[in-house]
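The values are calculated or read from the model by the stated rules, or taken from the named source; none is laboratory data. The structure displayed is predicted, hence computed values, not measured ones. Ideal geometry is used to build each Cβ from the backbone, glycine not excepted, and the neighbour counts take in all protein chains shown.
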Amino acid sequence: MPDAVTEQVGKALPGLIELRRDLHENPELGFYETRTAGIIAERLNAAGLNVKAEVGGTGVVGVLDTGRAGPTLMIRADIDALPVAELSGLPFASTNGAMHACGHDGHITMALGAAELLARRADELSGKLVFVFQPAEEFVEGAKAMIADNVMADHVPDRVIGLHLWNQYETGFVGVNEGTVFASADQFELLVTGKGGHGALPHTAIDPVAISAQVISALQMVVSREIAPNSMGVVTFGQVIGGTAPNVIADFVTIRGTIRAFTADIRGQIIAAVERIAKGVAASMRGSADFRLLNGAPPVVNDPEVASWVAGIARNANGVVNVGAHEEVPVGDDMAEFINRAPGCYFLLGAGDPERPPHHNARFVFDEECLPLGVEIFARAALDYLGS
């Protein structure tokens, strides 16, 4: 039901929409979010929070310390864009070759809106609120960078929460799982090495292209024959790079791909199998294969108690139509790094409908009607958890 919190969000909403559109028009890639970070720091400072910039590269931390004994709640938002040339047709579309094609401009806006609202109600709180604006989520490096820069040691959270707007659910839906939310996401590289030579004399060479074809075929069996049918796993090859001319046998081929799983055990099992099979197949054909993980994040798995609490908070937010569990999604997110270190919850916020272009699409557009819902849920969570 509408109340003072709803009223405050409503008053702030025109400015928040203006902020979101500015961020959308000026996206920045991971670890290069200097303009974005500057805007975040400026607004947090203006609201009266203690601000630390350049955390983990381009991350920003804003702390609302009430000076009264109480718990610490951390609220995290990711801030980077994707290397996508925008085709949305929006009047505030990006023209710089990057794009907020995953809604991070909305995440920033909702977290900042909550920070500004709560700063005006600090006398109602006891404890500490820590707002973490994280860079480089899209290649799952920013969370680890901020943690290495002591963001969780300097402000040890009792709970950590965050949200991801989701176009495949209608506005008004809040998805909260008491377990797995997103899959692990690991990018890997295989360097398949043979022996170069003349294309007309293959017997004098060791062909890494032929070896790579066999490696890729063999690795299709990992999920279907080594992972239980009721467990999710994905091995996808996105790049195969090798050769210089049609009549030249190359010395090596580079294969890059991604591995996804909903549990840490299956994640480890797939990674080990990919390395074992690739090396074995290459060796059987007189070549070699070197396996390397490029980057990765564990599965996002909510703490059941925190998730149940967030679901209860969401049900009291104005404009929320339905709160419930959602399907586990095989995308990745390094929010997992925070949740693995403190009890936490990452929830989905409906932002459109299933007919809209999906995330990471050049025509991605989300419904701005979701923005006040996210601000309210964050603000109500803080008022409840830190309420005097």
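Table for the structure above
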{"quantity": "Restricting the stretch 157-180 to residues that are outside any strand (DSSP E or B) and out of contact with any Lys or Arg (no Cβ under 9 Å at 6 or more places or on another chain), the residue that is surrounded by the most Cβ atoms within 10 Å (Cβ to Cβ)", "calculated": "VAL176"}
{"quantity": "Within the stretch 232-257, tally of residues that are loosely packed, with under 14 Cβ neighbours inside 10 Å and within 30 Å of the chain's Cα centre (by Cα)", "calculated": "4"}
{"quantity": "Odd one out for THR109, checked against (1) within 24 Å of PHE347 (Cα to Cα); (2) among the hydroxyl-bearing types (Ser, Thr, Tyr); (3) not in a helix (DSSP H, G or I)", "calculated": "(3)"}
{"quantity": "Lone qualifier among ALA283, ALA273 - being in the same structural domain as THR193 (by TED's automatic domain parsing), modelled with pLDDT of 95 or more and in contact with a helix residue (DSSP H, G or I) (Cβ under 7 Å, 6 or more places away or on another chain)", "calculated": "ALA273"}
{"quantity": "Any hit, the stretch 349-362, residues being hydrophobic (A, V, I, L, M, F, W, C) and either at positive phi or assigned to a loop (DSSP other than H, G, I, E, B) (or both)", "calculated": "yes"}
{"quantity": "Count - residues of the stretch 329-348 that are assigned to a loop (DSSP other than H, G, I, E, B), surrounded by fewer than 24 Cβ atoms within 10 Å (Cβ to Cβ) and not hydrophobic (A, V, I, L, M, F, W, C)", "calculated": "4"}
{"quantity": "Criterion (charged (D, E, K, R), out of contact with any strand residue (DSSP E or B) (no Cβ under 7 Å at 6 or more places or on another chain) and either surrounded by 13 or more Cβ atoms within 10 Å (Cβ to Cβ) or closer than 28 Å to GLU141 by Cα (or both)) met by exactly one of ARG260, ARG276, ARG292", "calculated": "ARG276"}
{"quantity": "Verdict on VAL61 being over 15 Å from ALA114 (Cα atoms), crowded, with 17+ Cβ neighbours inside 10 Å, out of contact with any Phe, Trp or Tyr (no Cβ under 6 Å at 6 or more places or on another chain) and touching a residue at least 24 places away in the same chain (Cβ under 8 Å)", "calculated": "no"}
{"quantity": "Options ALA153, ALA136: the member that is closer than 22 Å to PHE31 by Cα, in the same structural domain as ALA342 (by TED's automatic domain parsing) and crowded, with 21+ Cβ neighbours inside 10 Å", "calculated": "ALA136"}
{"quantity": "Elements of type strands (runs of 3 or more DSSP E) contained in the stretch 181-269, each with 3 or more residues being touching a residue at least 40 places away in the same chain (Cβ under 8 Å) and of a type outside the set (Phe, Trp, Tyr)", "calculated": "184-193, 252-261"}
{"quantity": "Test: residue in the stretch 360-376 that is under 14 Å from ARG159 (Cα atoms) and surrounded by 23 or more Cβ atoms within 10 Å (Cβ to Cβ)", "calculated": "no"}
